[in-house]
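> Okay, handing you the structure first.
The values are calculated or read from the model by the stated rules, or taken from the named source; none is laboratory data. Note that the coordinates shown come from a computational prediction; the quantities given were computed from them, not determined experimentally. Glycine also receives a Cβ, built like all others from the backbone with ideal geometry; neighbour counts cover every protein chain displayed. The area values use the complete protein model at the heavy-atom level, side chains included, leaving out ligands, DNA and RNA. Shrake-Rupley method; radii C 1.70, N 1.55, O 1.52, S 1.80 Å.
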Amino acid sequence: MDEQLLVLGNGFDLNVGLKSSFEDYFNQRFPNMDNQENDVNQYDLIEFSEYNMWDIIVRFVRNYKGGVKLNNWSDLEELLFDVMCSTNEYSNNPLLKYNLIDKLCEVNERRDRKSLKPIWKEPDDKDFIFKQIIRKACVAQYDLFYMMLEGSYSYGDMGFQMATILLKELNKMEEDFSSYLSKQVQFSSNYEFRSKMLLEQLAGTSNLEKTNILSFNYTNPFINIKTNNYRLIHGNLVDRNVIFGLDVDSLSYEKDNDDKIYFSQFSKQNRVIDNLFKNKKQDRKRWHFDAQKINQVIFFGHSLSEADYFYFQALFDSINLYSSDTTLIFVYSVYDKKKTLQIEESYKNSIETMLRIYGKSFDNQTHGRNLIQKLILENRLLVRCFE
């Protein structure tokens, strides 16, 4: 009997009632961010351990001169790339204008050398946000930051050390989100029941026991549901190994440039491997499906963001997408009727971009360029609205 594969993103958890979007999480963390009188002050952000460097970064990007919307997890992944690996000389937002690590190292070099703590003789209005991040690094990761304060690191070593500090602070955000999402699951009524109902709707006439699940979520409603097998690729709440990260191919460093290799610490691939080192009780059960038996791959609730392209490429390669009979089915939800056309246009562009970039990986570039046309011609590319 043919099998199918469900690829699930955060839209799945949202559909069963969890407030699991990045916007939900961050608004809960800072409920008064739009009310300056009741909001957290700058002193508390730096001195209190409950806050991390990425809280300061996200808040600044959201609030600076109109701000940047960060609603979905793909928005956070894009922000990680923009501040870590990209520069935009035309941006008015300093965090998006400069490479974060290089700028932090530059500003740190200008501090008052006579003071152990990071103090600058120049006014705080110059590079204010970078100074705030450095002050937080000194408080939150003092042991790691100490060597940079002493000035005993080379510029390249300083960059790697700064990246390590930023990663450890990202770990704090991941840990805090794990606690938040665990409470969402705990207090959600009938979460597992709703998840099973939704899975049955997505699976259609196919038996769930012949359904494989690749989930990019951190929740696990599948443990008591009889599926062929499932995999939580980016960690889970039980093991407290949730990861946020970047697509390994999007990292802007050259292999022969040692000063830029610190970006790789933030790749999802690197983070997943790091989880293997940390997990001493690894489940050796292999997540495996017979690619020749997969007659359809159903995407639901996933933004199809670039940060996960390398997973999709591996998946499409395994099922030999170009030459096989496997059908791709993209299922989307209209969460706001007033934005129906906008949602559909955005999802259409995401599908086209993902398949076009995958086609560029082909040895036969002619096949790569006509992949989408071939899927459409053979009726193997379907899009459905989930009601």
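> Can you check what the Kirkwood hydrodynamic radius comes to for segment 1-153, Cα pairs only, in Å to one decimal?
17.6
> What are the ³J(HN,Hα) values, in whole Hz, obtained from phi via the Karplus relation 6.51 cos²θ - 1.76 cosθ + 1.60 with θ = phi - 60°, for each residue of segment 213-226 in sequence order, with x given for Gly and Pro?
So the Karplus estimates, Gly and Pro as x, are 10, 10, 10, 9, 8, 9, 8, 9, x, 8, 4, 10, 10, 7 Hz.
> Now for a different question. In whole Hz, with x marking every Gly and Pro, tabulate ³J(HN,Hα) for segment 353-367 from phi via Karplus 6.51 cos²θ - 1.76 cosθ + 1.60, θ = phi - 60°.
Along segment 353-367, the couplings run 5, 4, 6, 5, 5, 4, x, 5, 7, 6, 5, 8, 5, 5, 5 Hz.
> Could I ask something else about it? Around Gln296, which amide H atoms from residues at least 5 apart in sequence, or from another chain, sit under 5 Å from its own amide H, with H modelled in the peptide plane?
Residues meeting the criterion, in which the H sits 1.01 Å from N, are Leu5, Thr327.
> Given segment 20-133, what count of lysine pairs have C-alpha atoms under 23 Å apart, with each pair 8 or more places apart or on different chains?
17
> Return the long-range amide H neighbours of Val242 (sequence gap of 5 or more, or a different chain), with a cut-off of under 5 Å between placed amide H atoms.
Residues meeting the criterion, in which the H sits 1.01 Å from N, are Asn236.
> Then there's this: Mind listing which trypsin sites (Lys or Arg not before Pro) in segment 201-247 are in a DSSP loop and have 13 or fewer other Cβ atoms within 10 Å?
Lys226
> To continue, here is another question. If we sort 345-353, 34-42 on the protection proxy, mean other Cβ atoms within 10 Å, highest first, what's the order?
Descending packing order for the listed peptides: 345-353, 34-42.
> Above 17 Å lies some portion of the pair distances; for segment 36-108, what is it as a whole percent of all C-alpha pairs?
Value for segment 36-108: 49 percent of Cα pairs lie more than 17 Å apart.
> Quick check: net charge around Glu209, other residues with Cβ under 15 Å of its Cβ, Lys/Arg +1 and Asp/Glu -1?
Overall, the nearby charge balance is 0.
> Only Cα pairs within less than 10 Å get springs; with that Gaussian network setup on the chain, which residue of Thr211, Thr340, Thr326 has the largest fluctuation?
In the Gaussian network model the winner is Thr340.
> Highest GNM mean-square fluctuation, the chain, Cα pairs closer than 10 Å: which of Lys103, Lys136, Lys69?
Lys69
> Can you list the HN-Hα couplings for segment 35-41, worked out from phi with the Karplus curve (6.51, -1.76, 1.60; θ = phi - 60°), rounded to whole Hz and with x for Gly and Pro?
With the stated coefficients, segment 35-41 comes to 10, 4, 5, 9, 6, 5, 8 Hz.
> Using a 7 Å offset from Cα along Cα-Cβ at Ala291, what residues in segment 312-346 end up with backbone N under 14 Å from the label point?
Once the point is set 7 Å along Cα→Cβ of Ala291, 312-326 turn out to lie under 14 Å by backbone N, inside segment 312-346.
> Pull up all non-local amide H partners of Val383: gap of 5 or more, or a different chain, and H-to-H distance under 5 Å with H placed in the peptide plane.
For Val383, whose amide H was placed from the backbone, the distant partners under 5 Å are Phe330.
> Report the FRET efficiency, 1/(1 + (r/R0)^6), for Gln42 and Val238, where r is their Cβ-Cβ distance and R0 is 56 Å, rounded to 0.05.
Efficiency at R0 = 56 Å is approximately 0.95.
> Let me ask another. How much area per residue is accessible in the chain when the probe is 1.4 Å and only protein heavy atoms are counted (Å²)?
Heavy-atom SASA per residue in the chain reads 52 Å².
> Now for a separate question. Using the beta-carbon distance between Glu352 and Asn224 and R0 = 35 Å, what value does 1/(1 + (r/R0)^6) give for FRET efficiency, to the nearest 0.05?
The computed FRET efficiency comes out at 0.40.
> So what's the convex hull volume per residue for the Cα atoms of the chain, in Å³?
171
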